[in-house]
Amino acid sequence: MKKYTIILLVLTLLSACNKNDDTVDYTVKNEEEIVAYVVANNLDAQKSSSGLYYVIDELGDGEQPVETSNVTVAYKGYFTDGGTFDESDADGVSFGLQQVIKGWTEGITYFKEGGSGLLLIPSALGYGSDGRPGIPGGAVLLFDINLISVN
């Protein structure tokens with residue numbers, strides 16, 4: 001029994017040593033990339049305290065969502081180099097704002113129903129340093145959004 005306990009302890013220690021806790025802080029790089037994009041495209045962007053940048057093209061005149069709202073949004077997601085990684089159809093996609101990346105949870109609340117604009121999301125409010133399939137770690141994410149409804 002003692003032998004199995006020691007083996008279990010050794011295996012636990014080895015597996016703990018094998019974990020990859022290396023996270024890269026992309027804050028400065030993302031800030032530079034977003035600012036360069038804003039300047040190059042002559043955007044009137046606002047920056048929130050979290051580091052999210054947003055452009056309101058049309059505020060909208062309907063209900064304004066809160067971070068716990070369910071919404072329907074038509075969107076196009078792309079990188080600063082213009083490469084698209086995701087896009088909804090014109091009817092949009094419905095979801096709860098607590099089920100998406102932090103940049104969406106915060107950013108969508110700046111619009112009202114019928115509103116449209118751009119979210120420029122640093123990786124800390126997106127997929128972080130790990131990324132997702134089709135989205136590299138540390139990536140700045142841009143979303144053209146149209147808030148269709150607050151459900």
Length-normalised contact order for the chain - Cα pairs under 8 Å, 6+ apart - percent = 29 percent
Give the dimensionless ratio obtained when the Cα radius of gyration of the chain is divided by 2.2 N^0.38 Å.
-> 1.33
How much space per residue, in cubic angstrom, does the convex hull of the C-alpha atoms of region 64-151 take up?
-> 83 Å³
For SER88, net neighbour charge (Lys/Arg +1, Asp/Glu -1) across residues whose Cβ lies under 15 Å away = -4
What net charge is computed for the residues neighbouring ALA74, neighbours being all others with C-beta under 11 Å from the C-beta of ALA74, Lys and Arg scored +1, Asp and Glu -1?
-> -3
Theoretical gain in end-to-end length, LEU59 to SER94 [0.36 nm per residue, Cα-Cα removed] | 10.7 nm
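Computed from the coordinates by the stated procedures, all read-outs in this text should not be read as laboratory data. This structure is a prediction, so every number in the text was calculated from the model and none was measured. Reconstructed Cβ throughout: ideal geometry from the backbone, glycine too, with neighbour counts over all protein chains shown.
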